[in-house]
Amino acid sequence: MGGIDWKNINWKDVNRHVRRLQNSIAKASEYGDHDRVKDFQIILWNSRSAKLLGIRKVTQDNQGRKTAGVDGKANLSPKERIELVSEINVYGNLIISNLKLL
């Protein structure tokens, strides 16, 4: 992902964007508009903000952040976190990373 520096990301805006999409999903669900729910879910799944926030929670905020995942990596550098954002693809409920499994 060219041009993004992990340390300069405006996390307040990222959180706001994800929260807005989540609220849109909730409101559409309340109104029974299942087509819009699905549309907003797809937008959220493919959102760079959601990927950034997910990676931040797993690699920085969680208590298990120092435990290696299935890829055998722990304590990712900011550069590795940015690379991970571009490697993650979401298909339905499956999160598929282009990382090599050990």
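Convex hull over the alpha-carbon atoms of the stretch 8-71: what's its volume per residue in Å³?
For the stretch 8-71, the hull spanned by Cα atoms encloses 113 Å³ per residue.
Would you mind ranking Ser77, Ser29, Ser24 by Cβ crowding within 10 Å, fewest neighbours first?
Ser77, Ser29, Ser24
Please give the net charge around Lys7, taking every other residue with its beta carbon less than 13 angstrom from that of Lys7, where Lys and Arg add +1 and Asp and Glu add -1.
Here the count lands on +2.
Give, as a single signed number, the net charge of other residues whose beta carbon lies under 12 Å from the beta carbon of Lys79, with Lys and Arg counted +1 and Asp and Glu -1.
-1
Quick note: the coordinates plus some simple rules give every number you see, no bench work behind them. These numbers come from a predicted model, not from an experiment. Because the Cβ atoms are built from the backbone with ideal geometry, glycine has one as well, and the counts that use them run over all protein chains shown.
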